[in-house]
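Reviewing the structure listed below.
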Amino acid sequence: MDRAQKAELVSTMNAVFKDTSVVVVAHNTGLVAAQSADFRRKVKEAGGTVRVVKNNLAKLALKNTEFEGLTPLFTGPTILAYSKDPVAAAKATAAFAKTNDKLVVIGGGLGTSVLDAKGVKALADLPSLDELRAKLIGLLNAPATKIARTVAEPGAKLARVIQAKASQAGAAPEAAEAESA
């Protein structure tokens, strides 16, 4: 890679770091190509991206971003996972690391906060943005459903009383006929 390509990569990664919500840094200690492809696919399905960048270039790209505090994590064979969703990359990376001991989560960043491996795991345990939205919509719809049920209930009770009276009235003539016979 020549100097111009390196400069372009640094500026591209700098733009990525400015536009993302979470960055997870992990050590890639011997992932074979198939495992690496599987990891990339799982992170992509979760809404994130995986990138391998030389440590020196990543450190340069981190400058003037909110993730500048991650610089000490870039030692050894690192791999980055990042996403705009604050939980997606952490969740996918932690899930993959549980099943594959060749990927070790070192830490990460959420906004200006630097997270250690336990912090990334705690972040991964949080519900995703879509799950939170679904819960919020459920909570907002619950009162409306209860109001509709409460308003409809008196009418339903009245209908059951009328039905019971009609059944009693229909049963009375049949009982009189049975006694006279």
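Residues that are free of Cβ contacts under 8 Å to residues at least 40 places away in the same chain and either surrounded by 15 or more Cβ atoms within 10 Å (Cβ to Cβ) or charged (D, E, K, R) (or both): which strands (runs of 3 or more DSSP E) entirely in region 53-150 hold 2 or more of them? Steps first, please.
Numbers: elements: 78-83, 103-110, 113-116.
In region 53-150, 113-116 are the strands (runs of 3 or more DSSP E) which contain 2 or more residues that are free of Cβ contacts under 8 Å to residues at least 40 places away in the same chain and either surrounded by 15 or more Cβ atoms within 10 Å (Cβ to Cβ) or charged (D, E, K, R) (or both).
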Within region 66-78, is even one residue of a type in the set (Phe, Trp, Tyr) and either farther than 16 Å from Ala15 by Cβ or under 18 Å from the mean Cα position of the chain (by Cα) (or both)?
yes
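Filter region 20-66 for residues that are closer than 16 Å to Ala88 by Cβ and in contact with a Gly (Cβ under 8 Å, 6 or more places away or on another chain) and give the result.
So the first thing to find is which residues in region 20-66 are closer than 16 Å to Ala88 by Cβ, and the list is 20-26, 39-51.
The answer is Ser21, Val22, Val23, Val24, Val25.
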Residues located in region 42-52, provided they are of a type in the set (Val, Ile, Thr) and either assigned to a helix (DSSP H, G or I) or open to solvent by less than 30 Å² (accessible area, probe 1.4 Å) (or both)
Val43, Val50
Of the listed residues (Ala15, Ala7), the one being open to solvent by less than 70 Å² (accessible area, probe 1.4 Å), within 25 Å of Pro86 (Cβ to Cβ) and either assigned to a loop (DSSP other than H, G, I, E, B) or without any contact (Cβ under 8 Å) to a residue 40 or more places away in the chain (or both) is Ala15
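The values are calculated or read from the model by the stated rules, or taken from the named source; none is laboratory data. Since the model is a prediction, treat every value here as computed from it, not as a measurement. Every residue, glycine among them, receives a Cβ derived from its backbone with ideal geometry; neighbour counts consider all protein chains shown. Protein only, heavy atoms only, side chains kept; ligands, DNA and RNA dropped before computing areas. Shrake-Rupley method; radii C 1.70, N 1.55, O 1.52, S 1.80 Å.
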